[in-house]
């Protein structure tokens, strides 16, 4: 088995309230895992712990068998990339968002690569210089997702990224994510309530009231 991320007895408390309790599970490289469960059960908190956005109260997260608290957060987040439900774009244009990943790595902007990615999510090449204020919700989410994979991470953490999108945008995003998984071997870990997205998964885990259901 090729574990890419392992969660070992992780618990998380917020203002003395137990959000997650004693979660132990692992994710295989190249797998597509969906984390399901009722609203408020701790699913998004687990994803944020996996992304190192929040720190567990107890337990540890291992990335390639290394405790992530011993890794540089910036380097780790380049490999384990968190995608928000509500996309946050910055600057004035789509281009501004795509130039940023190159700047932080001190690399020259590769416009041809970005245009290929736009094409893959069915956005015209002209969108590169489109103002972000003119984008629909589905277009903003596609731009945000492209920004996360310009430099391919090993893991994509997807926190209800298609919630609220129209059916066309949802189809485009899901087909593209599946393609990234199958062709690039990117590990997908997603939180979703969408039945179709759940059926696309190779593994389904259910969290109820902060605990992993037995048999999971």
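Of all residues in region 1-24, those satisfying the criterion of being out of contact with any helix residue (DSSP H, G or I) (no Cβ under 9 Å at 6 or more places or on another chain), closer than 13 Å to residue 60 by Cα and surrounded by 14 or more Cβ atoms within 10 Å (Cβ to Cβ) are 6, 8, 11, 21, 22. Run residue 158 past the list (1) under 23 Å from residue 189 (Cβ atoms); (2) touching a helix residue (DSSP H, G or I) at 6+ places or on another chain (Cβ under 6 Å); (3) surrounded by 20 or more Cβ atoms within 10 Å (Cβ to Cβ) and report the number of the one that doesn't hold. Here residue 158 clears every test but (2).
Regarding residue 40, is this residue at pLDDT 95 or above and out of contact with any helix residue (DSSP H, G or I) (no Cβ under 6 Å at 6 or more places or on another chain)? In short, no.
In the set (1) over 13 Å from the mean Cα position of the chain (by Cα); (2) assigned to a loop (DSSP other than H, G, I, E, B); (3) at pLDDT below 95, the condition left unmet by residue 170 is number (2). The residues in region 85-109 that are within 12 Å of residue 150 (Cα to Cα), in contact (Cβ under 8 Å) with a residue 24 or more places away in the chain and not in a helix (DSSP H, G or I) can be counted, and the count is 1. Scanning region 40-79 for residues that are in contact (Cβ under 8 Å) with a residue 40 or more places away in the chain, farther than 17 Å from residue 187 by Cα and not in a helix (DSSP H, G or I) yields 41, 42, 54, 56, 57, 58, 59, 60.
The values are calculated or read from the model by the stated rules, or taken from the named source; none is laboratory data. Remember, it's a predicted structure, so these values are computed and weren't measured experimentally. All Cβ positions, even for glycine, are placed from backbone atoms using ideal geometry, and neighbour counts span all protein chains on display.
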